Amino acid sequence: MGIDLGSVSLNIVVIDEARDIKASMYRRTDGRPLIILRDCLEGLGKDFKSFFGIIATGSGRKLVGHVLAVPDVNEIVTQARATCYFHPFARTIIEIGGQDSKLIFLDQSVQTGEPIIIDHVLNEVCAAGTGSFLDLQADRLGISIEDFGALALCSRHPAKISGRCSVFAKSDMVHLQQEGTPKADIVAGLCYALTLNFITNLGKGKQFPGPIVFQGGVAANPGVVKAFEELLDLGSGALIIPEHFLIMGAFGSALMASAQGHGQAMPVSRLIQSVRAALERAQDRPRVAHLKPLIPAKADQETVDHYYGIEPGGRLDVFLGVDVGAVSTNIVLIDSNGRLVAKQYWYTRAEPVETVRSGLEEMARMVGPGVRVCGVGVTGSGRYFIGDFVGADVVINEISAQARAALYLDPGVDTVIEIGGQDSKYIRCEQGRVVDFEMNKVCAAGTGSFLEEQAARLRVPIRGAFSDLAFASRTPADLGARCTVFMESDLIHHQQAGYGLSDLTAGLSYAIAHNYLEKVVGTKKIGSRIVFQGGVAANQSVATAFENILGKPLTTPEHHNVTGALGAALAARALRPASSRFAGFYLKDRPYEVKHFECQKCPNLCRVHQIYIENRLRSYYGSLCGRYEKVSDRALYSHLPDLFRERDIRLMEGFDEENGAGKVSGPVIGIPRTLTFYDYFPFWHAFFSTLGHPVSSRGSFRQDKQEISSGGVFLCSIRDLLSCKDRLWPHM
């Protein structure tokens, strides 16, 4: 028997003396490796009484070897052994599992003629380029991992998604969703990102000699298979997928156990008893509590919808607020006094337009026909697109919206902790004004999406049950405060060490708080009047973890999950437009279309999205430099001053850009028109002018050698400076 305990699954293979497979199992561990091992052995015990050899492999091989008292072998060796048995002429093995990926190079021994391992590479402590990354993204998109690969094959234009890290890829994916990119293109982009990550990070420029074998759980994904064939310049079908690609590690272990010859028979009943004893020891093992237990102060606050409505036949002027976030879309209605009339908290599920459409229709049905929308405010990461679609009167960023809501609910608040699905925000207020703020960088550590994903991995409902388990722990696991991927690896390590679900959920609650404080707040000040907002604020165990760390109480508002939308509605109320641009509650027949073109302005070749609403071009999205977004925003914000233009005018004040300084005597000095040189140009202009060196435009700078060498101070670009460095240097 060969046992392969990986980060995600447990695989077992039983072979006979002829090396034919008599039984095989593939089971996801769901954080309970020993329990799943016990169940599998009990199932095998119905057909087999004993085994004459057992070898364990995989990332959990030490645990299995210790519990069953059997030898363990590195998975590189067992994977290669199985591959060479089925495909003796293979020269490259690509193996991608749940948390690990491997690249193995084979050759033929000169002495024996047998295949041998000549080189191998493992992924680092990161899940980028592994199966768990695809699992997380499939769950986020609301599709099964089985349908994931088939959908990828339907794409003709795979989206460009970062493959450096699961978190960066996730952020790219969220923005693509909010720009209206088809799901098939996003899914195909994820497949190509994973494949490119594997080739660049593990291959590091090495050649992949053929024949190439692809195995591990991800080999079942046809989208990834296609990506490997294209990126490695292989023909369709040239990548070999073994029949038993899921269980190659376990099969290789069984082959090695068979090669050792007949040992002493190991009864299955004894193996089962060993696992049961290990489970009992794990429960009774005394632990040192590194973290303080979480003590509940109050129950979780449910994030449910509320429609307060109006009296039958009554009329009410309201203001609409919409918050289109990475994970959820929130809609609120408030009256002229700021009182909440209705609120919704719906998951976006990668369909922001359809979610807003359905939400507005549901809201109109629930509050009745007696409301008149006098203003619309939109915020969130999808605010521009949705703002055009619903007819927003004001579009504000998330910081402004969250701060406005917090100050409305508690005018004395000095610190706002806001944690949403993909974003975390710190806001510092003094005397009713924002004086400092910070957002998480391109990292999901310390956000709600990580908490949801880990809860799903543990099969624990995020609402209610998660906090209940966390509060039951007396020894919360210390999971550190590292990035999402590393924290996930730590979680798996603690699972395989036998920690209970309650300890892990409590540890995750602390980890979210530690990540937020270290990566978002940093050295900034935390005040004494703290408000906790965002969807994660519903989880009381996280709030308690913050209180334990800070030693200060937190206040969680009743409507904490829709404070972004509330802030947008309050901004619309403050604006009070004479005539709202609101397009109505029923937008089913409001046509919109997303067109694409490739920008040729620079080597980035951005794929720019054009948003057409009612057959009229409204906005652009997708360029890295924001070139087209600036064009689309110009009409909407034409009444606002152009602060960048004003800055340029101030910096260039007193400098005649049209007329050069002419020929002057003395050394030639070039001032790059960029970075801090440009920021300090008023100083340099005054300095050199006072010394009698006139400052010239770059037009004069590009003259012939005689003109350049005649002296003067020239404002130029870095490119100009480098192109003339041979002529300038002797004079500088």
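Coordinate-derived values only; no laboratory data. Owing to the predicted nature of the structure, the values given are computational and were not obtained by experimental measurement. In this analysis, Cβ positions are derived from the backbone assuming ideal geometry, glycine residues included, and neighbour counts consider all displayed protein chains.
Using the Cβ-Cβ distance between LYS552 and ARG276 with R0 = 60 Å, the FRET efficiency computed as 1/(1 + (r/R0)^6) comes to roughly 0.85. Model label sites at SER109 and ASN74, defined 7 Å from Cα along the beta-carbon direction, differ in position by 1.7 nm.
Filter the trypsin sites (Lys or Arg not before Pro) in segment 197-246 to those in DSSP coil with at most 12 other Cβ atoms within 10 Å of their Cβ, and list the result.
On the way: sites: LYS204, LYS206, LYS226; in loops: LYS204, LYS206.
Sparse-neighbourhood loop trypsin sites (Lys or Arg not before Pro): LYS204.
The protection proxy used here, the mean number of other Cβ atoms lying within 10 Å of each residue, ranks peptides 254-262, 409-417 as follows, highest first: 409-417, 254-262.
Give the residue list of chymotrypsin sites (Phe, Trp or Tyr not before Pro) in segment 317-348 that are DSSP loop and have at most 12 other beta-carbon atoms within 10 angstrom. List each step's numbers first, then the result.
Details: sites: PHE319, TYR345, TRP346, TYR347; in loops: none.
Sites meeting the loop and neighbour criteria: none at all.
FRET efficiency for ILE116 and TYR347, Cβ-Cβ distance as r, R0 = 30 Å, nearest 0.05? Efficiency at R0 = 30 Å is approximately 0.05.
Looking only at segment 71-106, which residues have a backbone nitrogen under 13 Å from a spot 7 Å from the Cα of LYS206 in the C-beta direction? From segment 71-106, the list is 91-95, 102-106. Short to long, the 10 Å bins of the Cα pair-distance histogram for segment 1-160 hold 9, 31, 34, 21, 5, 0 percent of all pairs.
In this structure, THR674 and ALA23 have a Cβ-Cβ separation that, at R0 = 60 Å, corresponds to a calculated FRET efficiency of about 0.30. Evaluated at q = 0.12, 0.24 Å⁻¹, a Debye calculation over the C-alpha positions of segment 79-141 (equal weights, vacuum) places log10 I(q)/I(0) at -0.39, -0.93. Packing order of peptides 323-332, 571-580, highest average first: 323-332, 571-580 (average count of other Cβ atoms within 10 Å over each peptide's residues).
So between GLU646 and TYR592, what do we pick up on full extension, going 0.36 nm a residue minus the alpha carbon distance?
Working: separation 54, 0.36 × 54 = 19.44 nm, distance 3.60 nm.
Length gained, GLU646 through TYR592: 15.8 nm.
Beyond 21 Å in Cα-Cα separation lie the following of the pairs LYS292/LYS552; LYS160/LYS601; LYS102/LYS206; LYS226/LYS601; LYS292/LYS425; LYS226/LYS441: LYS226/LYS601; LYS292/LYS425; LYS226/LYS441.
Along its principal axes, segment 424-556 has C-alpha extents of 50, 28, 22 angstrom, given from the largest down. Shown in residue order for segment 109-116 are the 3J(HN,Hα) couplings computed by the Karplus curve 6.51 cos²θ - 1.76 cosθ + 1.60 at θ = phi - 60°: 5, 5, 6, 9, x, 7, x, 9 Hz (x for Gly and Pro). Each peptide in 601-607, 559-565, 399-405 receives the mean, over its residues, of other Cβ atoms within 10 Å, and ordering these scores from highest gives 559-565, 399-405, 601-607.
Just so you know, the Cα atoms of segment 286-438 work out to an Rg and Dmax of 17.9, 66 Å. Annotation for segment 4-59: trypsin sites (Lys or Arg not before Pro) lying in DSSP loop with at most 13 further Cβ atoms inside 10 Å of their Cβ are ARG19, LYS46, LYS49. If a spin label sat at a point 7 angstrom from the Cα of GLU311 along the line to its beta carbon, the backbone N atoms of segment 350-386 nearer than 17 Å would be those of 368-372.
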